[in-house]
């Protein structure tokens, strides 16, 4: 895509419900992007909602205020109910969407950067862009509602079809859509988005691995491989294949699931009665990174039907660990493409556990193979530094 430089930096309206003190992945990612805008002298105004995603602090609600000035922009007084129930999450989304639309209509800006919290945010963003003749850049993290339909969590009811139509309508009217994987780009092109209006930028890794730490050998008396999946136990994972393969290869490997999420209780039921799989609670960041380095093999997953609609950004963090990576996903998914191109692991089927078990046995039998694949992974870590990826986003937003 040809991008002509502008004579001056625009002011960017950043439109996303989650932003610190929320602790979601998109909140953290967006905070880092705002920092990169600041480093490059670009002004931003963040329109965020009331903290509702495991926030580190909350704002005092005043019933006579619809919004208030925040440190980085405007905090709208949207509902901040628990995300555990779908109806409460929908209330959070709808109140944020309505109030943020009003704020966006009156906030000075040159370009609108919208993300996917809530999943319908791009629709009002495009409407504001048309009304105010502002450029709209959509930084697409998760592709809804197609993701939920693709994995079978919701059916294509009439309301869902209307949502899908509205999303496609907005996608085709954005000045630029930033996809976080090549498989997502393929989905966008299938949906009718012009290829010259799409750019692929990985989320990358913000972990500052040192070569010495990442190259260390785990010291343990265990005679089995330690296989680790660290992160959300959520809807994107191919949990049936993972657990079935771990049970099959229990004589050579022990699987640890580190984290929590909406599917955690169901996964505990899958693993009941087996000592092949251990589920451990979420850890503070420093301990989490140490646990990655203590494993022999690392896992990332995309369940069947989710490829191109959701891209696990934790894949990029795994490269710096110098460990073989097993991707449980369709070969067309972005993690599978990366691991294949970099020759740093195995890609196995998300439909059953046989290929996963075979990969574990191959790695357990060949320490030299583990070392070679891990070394190849380590070589890739600098190609996906998050600051470099975010600087690309800044350039696309300010020059689009």
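The values are calculated or read from the model by the stated rules, or taken from the named source; none is laboratory data. Only a predicted model underlies this, so the values are computations on that prediction, with no experimental measurement involved. Backbone-built Cβ (ideal geometry, glycine too); neighbour counts: all protein chains shown.
Restricting to segment 36-75, count the residues that are under 29 Å from residue 392 (Cα atoms), without any contact (Cβ under 8 Å) to a residue 24 or more places away in the chain and surrounded by 11 or more Cβ atoms within 10 Å (Cβ to Cβ). Here the count works out to 2.
The condition of being surrounded by fewer than 18 Cβ atoms within 10 Å (Cβ to Cβ) and either in contact (Cβ under 8 Å) with a residue 24 or more places away in the chain or assigned to a helix (DSSP H, G or I) (or both) holds for residue 391. Would it be correct to say that residue 140 is in contact (Cβ under 8 Å) with a residue 12 or more places away in the chain, touching a strand residue (DSSP E or B) at 6+ places or on another chain (Cβ under 7 Å) and closer than 26 Å to residue 334 by Cβ? Spelling it out, residue 140 is indeed in contact (Cβ under 8 Å) with a residue 12 or more places away in the chain, touching a strand residue (DSSP E or B) at 6+ places or on another chain (Cβ under 7 Å) and closer than 26 Å to residue 334 by Cβ.
Examine segment 29-36 for a residue that is part of a loop (DSSP other than H, G, I, E, B), assigned by TED's automatic domain parsing to the domain that holds residue 390 and more than 27 Å from residue 234 (Cα to Cα), and state whether such a residue exists. No, there is no match, as no residue in segment 29-36 is part of a loop (DSSP other than H, G, I, E, B), assigned by TED's automatic domain parsing to the domain that holds residue 390 and more than 27 Å from residue 234 (Cα to Cα).
Regarding residue 338, is this residue within 20 Å of residue 261 (Cα to Cα), crowded, with 17+ Cβ neighbours inside 10 Å and in contact with a strand residue (DSSP E or B) (Cβ under 9 Å, 6 or more places away or on another chain)? Criteria not met by residue 338. Only one entry of 299, 279 meets the criterion of being within 22 Å of residue 373 (Cα to Cα) and touching a residue at least 40 places away in the same chain (Cβ under 8 Å), and that entry is 299. All of 292, 283 fail the test of being buried (at least 18 other Cβ atoms within 10 Å of the Cβ) and either part of a strand (DSSP E or B) or assigned by TED's automatic domain parsing to the domain that holds residue 361 (or both), apart from 292. Screening segment 200-212 for residues that are touching a strand residue (DSSP E or B) at 6+ places or on another chain (Cβ under 8 Å) and surrounded by 20 or more Cβ atoms within 10 Å (Cβ to Cβ) and picking the one that is modelled with the highest pLDDT gives 204. If the condition is being in contact with a strand residue (DSSP E or B) (Cβ under 8 Å, 6 or more places away or on another chain) and under 19 Å from residue 314 (Cα atoms), then segment 342-391 contributes 344, 345, 346, 347, 348, 350, 373, 377, 381, 384, 385, 386.
When residue 349 is tested against (1) in contact with a helix residue (DSSP H, G or I) (Cβ under 9 Å, 6 or more places away or on another chain); (2) in contact (Cβ under 8 Å) with a residue 60 or more places away in the chain; (3) over 17 Å from residue 183 (Cβ atoms), only condition (3) is not met.
Being closer than 18 Å to residue 241 by Cα, surrounded by fewer than 24 Cβ atoms within 10 Å (Cβ to Cβ) and either out of contact with any helix residue (DSSP H, G or I) (no Cβ under 6 Å at 6 or more places or on another chain) or touching a residue at least 60 places away in the same chain (Cβ under 8 Å) (or both) narrows it down to one of 329, 362, so name that one.
Working: 329 fails: surrounded by fewer than 24 Cβ atoms within 10 Å (Cβ to Cβ).
Residue meeting the stated conditions: 362.
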